[in-house]
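Remarks on the structure that follows.
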Amino acid sequence: MFRRYPVAVRRAVFVVAAIAAFGITAQAQAATLSVAPRLFSPDRARLQVSAHLTIPRQVGVRLVRLNGRPVGWIVSPSKRRLLDAAWDGRINGKRVPDGTYIVRLIYRSAVLATAPLRIDTHAPQLLDLRAGNGSTPFTGDGPLLTTISPNGDGLRDHVDVDFQLREAATVTMEVTRTVKVPKVIYTVTQRLGRGAHTMTWLPSTNLNPRTYLIRFTAADQTGNVGTYGAPNAFVGRQPRGIVVRLQGIDAAFNKPSYLPGELARIRVSTDEPTLTYRVFHFGPEQVVTYADNQLAGIDIGAPPVTLDWMPWQSKTHTITFRVPPLASGLYYVQFGGSDNRIGYAPFVVRPAVLGQTNRVLVILPTNTWQAYNFQDVNGDGYGDTWYAGPPNRTVDLSRTYIARGVPPRFYRYDLPFLHWLYWSGKTAEFISDSDFDAIANGDELARAYDMVVFEGHEEYVTSHEYDVVERFRDLGGNLMFLSSNNFFWKVDKEGQRLRKIGEWRDAGRPEVRLIGVQYRANDDGQRQGLYTVQSTTTAPWLWDGTGLADGSTFGEFVGGYGIEIDATTPQSPPGTLVLAQIPDLFGPGIGPQMSYYETPVGAKVFAAGVLDFGGSATFWPVKRILDNLWARLSAP
């Protein structure tokens, strides 16, 4: 039966309930909840959750959807007055999906405080990423590859990169020059909203022709970052960036060497309207070049040839070229355009008959030049060489050299020797290392020559070349190695393509048995030192006229020697002399050694022991040392 209380009692109960409700409401008003950042990516940070109550309560922090449906506890209920926690975006070990949520501070069934939260783990995307040059594409161009020639003529002078954003982002564009990793040469950052955008690169006119990789990063407010453009030659592992082929007058012969009178083919890519070419000879010029992309040879005197290039401004074209009746040597065709752009195409003129004009043969290291050539023919942003990274297993010997056609490091390592040779009145015949294919064996080489000079870095050697040179030595032929790290890698050659196989020493043919020294170490030129003489009594002929005695040093005029260094080993041929050395250049017991040995059948073998020795050929006392070497080794 319903019992009716007196009015006074009913009023008292109402007052108590009101006071209790007021207490809860007051607590709710006094409680505070803070979450930061409110735009949250668990991949970039932890969510900082903090709460404050006036008195301790059994409170927790719950994540709920916008419709109020609970997701789970961020912080489980516990009696506390203060709360401070870092949340990793997981509830019950599972990542909470992206979306908009509400964070609630809960006491029993009451919500004391709330805060909105947006979870976003997805980086902003550059949709429909593509590039154009504002003009006609060059053959081979595509959405992610474009060709430009920034000469101010209004044709392909700049790069426009277009893309769409679905959310606001900070976009950084980095133009990079790749070797093994990208090196930034230009960068720009813009804060962009949703929609279509264009970013532009206008290169300077003096930038070397080659490909450049444009990489992008797009960052949103939560800190999610998307990257386009590979950080190494494994280009398929990351979203592709934009590749820009900066074109000059890109020219190359289809093989390294030719006979006098042979009909050669030169592949040319340029948008010049007309081209004029002339032929020059490396070496005799009384000019010293100090740039990787410049040549200053002697004009052979043939009339210049002018070509109408208008039909070929948008695609590669091959011309024929009759090699003039030239003496064996290293030459180049120089192409020029109306805007003063220049491109070079080097070639070797080999002797029609080996040894017909001279008993000395100079080997030009065209295999090594191409191995260090970062020309990117396939347009993926990285050079087509194993030096760009492991995905590249082969090297094409017919590629254009990236520095306007000049072989890598040519003016530092190779050209000084050619200057010394011609300036001192000496003569020789020349071949590329690819020409060993046409030499049957070491017997044929020995019948033609008394001395073979490896003037540069002869690092990549086929089995046939190794066999021929070793047999030549065994028959009493003399060898001169003016660089270091020679005969190190075994390569196979198929047509005009090299494939690296492995180290010769691992194949049971350590190069020290042939050369006298072998590769020891490399520090990329961080430490250079002076050679110290130690053999004026055992090899007085080498130092004759130099003024050097045991303990004397040389090399200061070129800043010292080093980079890649060679040293003797217990497998060096019997009687190998250490002529000079740089003790402890790379650390205790690690230093280069210059060596010399003779065999019972009369072969004489000299090795410089450092990568850059040939680069000092025109300086005293090295030019005198070379004179002495030439006199001794060029004699049978």
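The values are calculated or read from the model by the stated rules, or taken from the named source; none is laboratory data. As the structure is a computational prediction, the values presented were derived from the model and not from experiment. Glycine gets a Cβ as well: all are built from the backbone with ideal geometry, and neighbour counts include every protein chain shown. Calculation scope for accessible area: heavy atoms of the full protein, side chains included, ligands and nucleic acids excluded. Shrake-Rupley method; radii C 1.70, N 1.55, O 1.52, S 1.80 Å.
For the chain, relative contact order (Cα pairs under 8 Å, six or more residues apart, normalised by length) works out to 9 percent. For helix 622-633, what angle does its Cα long axis make with the longest principal axis of the chain, in degrees from 0 to 90 and rounded to 10? Value to nearest ten degrees: 50. Think of the chain as a dipole: +1 on every Lys or Arg Cβ, -1 on every Asp or Glu Cβ, centred on the Cα centre; then among ALA86, TYR411, VAL235, ALA86 lies furthest on the positive end. Within the straight-line cut-off of under 29 Å between alpha carbons, the lysines reachable from LYS94 are LYS79, sequence neighbours fewer than 8 places apart in one chain being disregarded. Could you work out the local net charge near PHE280, counting Lys and Arg as +1, Asp and Glu as -1, over the other residues with Cβ closer than 14 Å to its Cβ? So the environment of PHE280 carries a net charge of 0.
The amide H of VAL377, built 1.01 Å from its N in the peptide plane, has ASP384 as neighbours under 5 Å, considering only residues 5 or more places off or on other chains. Taken over the range 363-422, the alpha-carbon convex hull comes to 91 cubic angstrom per residue.
Can you pull a Stokes-Einstein diffusion coefficient for the chain at 37 °C (0.692 mPa s), Rh from Kirkwood over Cα pairs, as a whole number of µm²/s? D, rounded to a whole number, is 111 µm²/s. Relative contact order of the range 520-589: 48 percent, from C-alpha pairs under 8 Å at least 6 residues apart in sequence.
Pairwise Cα separations in the range 223-273 fall into 10 Å bins from 0 onward with the following percentages, short to long: 18, 25, 25, 19, 10, 3, 1. Its Cα centre serving as origin, the range 100-233 has a Cβ charge dipole (Lys and Arg +1, Asp and Glu -1) of approximately 560 debye. Of the residues VAL184, PRO150, PHE216, the one whose Cα sits farthest toward the positive end of the charge dipole of the range 127-231, with +1 on the Cβ of Lys and Arg and -1 on the Cβ of Asp and Glu, is VAL184.
Convex hull over the Cα atoms of the range 173-224, averaged projected area in nm²? Could you put the intermediate results ahead of the total?
Numbers: hull surface 19.3 nm².
The number I arrive at for the range 173-224 is 4.8 nm².
Assuming charge only on the beta carbon of Lys and Arg (+1) and of Asp and Glu (-1), the dipole of the range 419-546 about its Cα centre is about 300 debye to the nearest 20. Helix 463-474 and the long axis of the chain differ in direction by around 40°, with both axes built from C-alpha atoms. Rounded if a/c is under 1.5, else prolate if a/b beats b/c, else oblate: with a ≥ b ≥ c from the C-alpha gyration tensor eigenvalues square-rooted, which is the range 298-384? Cα axes put the range 298-384 in the oblate bin.
The charge dipole of the range 262-379, taken about its Cα centre with unit charges on the Cβ of Lys, Arg, Asp and Glu (plus for the first two, minus for the last two), comes to roughly 420 debye. Label the range 325-477 by shape, choosing from rounded, prolate and oblate, from the square roots a ≥ b ≥ c of the eigenvalues of the Cα gyration tensor; if a/c is under 1.5 it is rounded, and otherwise prolate applies when a/b is larger than b/c, oblate when it is not. Verdict is oblate for the range 325-477. For the range 442-501, take N as its residue count and report Rg(C-alpha) divided by 2.2 N^0.38 Å. The value comes to 1.16. Taking each DSSP H run with n ≥ 4 as -39500 (n - 2.57) and averaging over every residue of the chain yields -3500 deg cm²/dmol at 222 nm.
How far is helix 7-30 tilted off the main Cα axis of the chain, in degrees rounded to 10, range 0 to 90? Taking the Cα atoms of the chain, the angle to 7-30 is about 10 degrees. The mean accessible area for residues of the chain, using a 1.4 Å probe and ignoring ligands and nucleic acids, is 43 Å² per residue. Split the accessible area of the chain by element, probe 1.4 Å, and carbon with sulfur accounts for 52%. Three principal axis extents describe the C-alpha atoms of the range 161-319; from largest down they are 67, 36, 28 Å. Computed from phi, the 3J(HN,Hα) profile of the range 52-59 under the Karplus parametrisation 6.51, -1.76, 1.60 (θ = phi - 60°) reads 9, 10, 6, 9, x, 9, 7, 10 Hz, with x in place of Gly and Pro. Normalised by the number of residues in the range 423-562, the average gap of Cα pairs under 8 Å and 6 or more apart makes the relative contact order 17 percent.
Ordering PRO97, GLY68, ALA115 by Cα displacement along the dipole of the range 67-117 toward the positive end leaves GLY68 in first place; charges were set at the Cβ atoms of Lys, Arg (+1) and Asp, Glu (-1).
Electrostatic bookkeeping for ASN340 treats Lys and Arg as +1 and Asp and Glu as -1; over the other residues with beta carbon under 14 Å from its beta carbon, the sum is -1.
For the range 64-114, the square roots a ≥ b ≥ c of the C-alpha gyration tensor eigenvalues yield an a/c of 1.5 or more together with a/b not exceeding b/c, which makes the shape oblate.
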